[in-house]
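Visitor: Just dropping this structure here.
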Amino acid sequence: MTDAADPRSRIPGTDALLALPRLAKAQDILGRDVVKAAIATAQQRARAGEISPDDVADAALDALPATASQCRPVLNATGVLVHTNLGRAPLSAAALDAIQAASGTTDVEFDLATGSRARRGRGTLAALADAVPNAEAVHVVNNNAAALLLCALALAPGKEIVISRGELIEIGDGFRIPDLLESTGAVLREVGTTNRTTARDYADAIGQDTGFVLKIHLSNYLVTGFTATPSVRELGELDAPLIVDIGSGLLAPHPALPDEPDAATVLRDGADLVTASGDKLLGGPQAGLLFGDEALVTQLRRHPSARALRVDKLTLTALEATLRGPEPPVTRALNADPTALTARADRLAARLREHGIDAQAVRSEAMVGGGGAPGVILPSAAVSLPESYAAALRMGDPSVVGRVERGRCLLDLRTIDVEADDRLLEALRACG
Ligand SMILES: *Cc1c(COP(=O)(O)O)cnc(C)c1O
């Protein structure tokens, strides 16, 4: 066999491949090294006879990641609305557009009309103030943990934070709120017991050394049975500032979650400050939100560590767009009609069976997740598949993460936007 007849001699060279418009464009997005590595792998496959030399460019392109980041997009089919391991709240289209627009240089801290410096993130602060009209002032930091940290640093330096023994909680991944607060040098003054704490317990502990009273919402577990906790209203009567960490970030009451506290109600009931996460039930970017008393918020804003906890322009703009724009995905998932979810599950399962896949529509139970409303079940519907699909779907493109229950892989539709159904079908067919 002559060289010319050997198909391997037709494998295109690296420089020629790099110069192809499609692969040149990929270098603009992914960088030269990543593209070169994909080309080398494709050439190797052609040499091994796995692919035709004519397909080397396509194979290299197919092997390229979609972005220059290792983070892969995932369809959340777990039925857990706010899934910490999957990045919590998915952003709304409005938030994504706003991020895109603000990603260059922008007027985040500049007044275009006067040409002088302006209050950073004023549009976001105005949107938060509109969302919680009874808050005198608002402030945004990196996350809710940062909001608590700032409160401790600015409002209880060398002082005591009065807190119930029933609320000394771990948020997840080993992060404990008591440790966070103590790391500032503040002293925790624990009152009551694990299951019962009364207003009297708090009152007895308050004195000259008190920085503030802290009430923390039990966002990821329930204490039931012989229990007692004073209401925000009772705690608001005490002779010390009251800070309430509501956790999940509802700004106003939601009918589906009657036991989940919201910022407006908690302030009305007598809290001086409320802290919350931006990327749980509010459905926005990771952020820590602070609402409440003007003088206290000013103390927080002016504390030196405020600068270390501040958020970037992308977070500010995404938060504003979440508040001003249409319902974000988390809210849509929360409000989804179970009948419509069942109809979707029926339709998807039927389509999959047409492709010979053992799929059934089943009832399912979704939940808010670590971000709030423990114990609340949101009726839902799922597509049930053989268990082997779980791993294949995880590794697919797009990746789909479901739930394995009693030997079946369940894909809960409450946490998947209806507009993603086609992508879900595509991912399923690819591993069917
Ligand atoms: C989630 C949560 C936190 C931590 O919020 P991050 O935004 O993740 O820092 C603090 N307190 C409560 C009650 C929570 O639910």
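The values are calculated or read from the model by the stated rules, or taken from the named source; none is laboratory data. All values derive from a computational prediction rather than experimental measurement. Don't worry about glycine lacking a Cβ; one is built from the backbone with ideal geometry, like all the others, and counts go over all protein chains shown.
Visitor: If only one of C431, C409 is within 20 Å of R347 (Cβ to Cβ) and buried (at least 22 other Cβ atoms within 10 Å of the Cβ), which one is it?
Guide: Just a single option satisfies the conditions, and that option is C409.
Visitor: Can you tell me which residue is nearest to the ligand (Cβ to nearest atom) among those in segment 175-185 that are surrounded by fewer than 16 Cβ atoms within 10 Å (Cβ to Cβ) and not in a helix (DSSP H, G or I)?
Guide: F175
Visitor: If T315 meets every condition in (1) surrounded by 18 or more Cβ atoms within 10 Å (Cβ to Cβ); (2) closer than 25 Å to A420 by Cα; (3) away from the ligand (no atom under 15 Å from the Cβ); (4) β-branched (V, I, T) apart from one, which number is that one?
Guide: Among (1) surrounded by 18 or more Cβ atoms within 10 Å (Cβ to Cβ); (2) closer than 25 Å to A420 by Cα; (3) away from the ligand (no atom under 15 Å from the Cβ); (4) β-branched (V, I, T), T315 violates only (3).
Visitor: Return a yes/no flag: does segment 221-232 have any residue that is in the same structural domain as N144 (by TED's automatic domain parsing), among the small types (G, A, S) and buried (at least 19 other Cβ atoms within 10 Å of the Cβ).
Guide: no
Visitor: Residues T194, T184, T198: which one is more than 17 Å from A318 (Cβ to Cβ) and at pLDDT below 95?
Guide: Checking each option against the conditions leaves just T194.
Visitor: Looking only at segment 353-375, which residues are crowded, with 17+ Cβ neighbours inside 10 Å and within 16 Å of the ligand (Cβ to nearest atom)?
Guide: Correct list: M367, V368, G369, G370, G371, G372, A373, P374.
Visitor: Is one or more of the residues making up segment 206-215 under 19 Å from D269 (Cβ atoms), in the same structural domain as G292 (by TED's automatic domain parsing) and within 26 Å of the chain's Cα centre (by Cα)?
Guide: Within segment 206-215, one or more residues are under 19 Å from D269 (Cβ atoms), in the same structural domain as G292 (by TED's automatic domain parsing) and within 26 Å of the chain's Cα centre (by Cα).
Visitor: Restricting to segment 377-392, give me the number of residues that are loosely packed, with under 15 Cβ neighbours inside 10 Å and among the β-branched types (V, I, T).
Guide: Number satisfying all stated conditions: 1.
Visitor: Here is a further query. What number of residues within segment 128-146 are more than 9 Å from the ligand (Cβ to nearest atom) and assigned to a helix (DSSP H, G or I)?
Guide: 4
Visitor: Right, next: With segment 186-294 as the region, which helices (runs of 4 or more DSSP H) entirely inside it contain at least 1 residues that are within 16 Å of the ligand (Cβ to nearest atom)?
Guide: 232-236, 263-268
Visitor: Something else: Give just the number: which of (1) part of a loop (DSSP other than H, G, I, E, B); (2) closer than 24 Å to V82 by Cα; (3) among the β-branched types (V, I, T) does I171 not satisfy?
Guide: (1)
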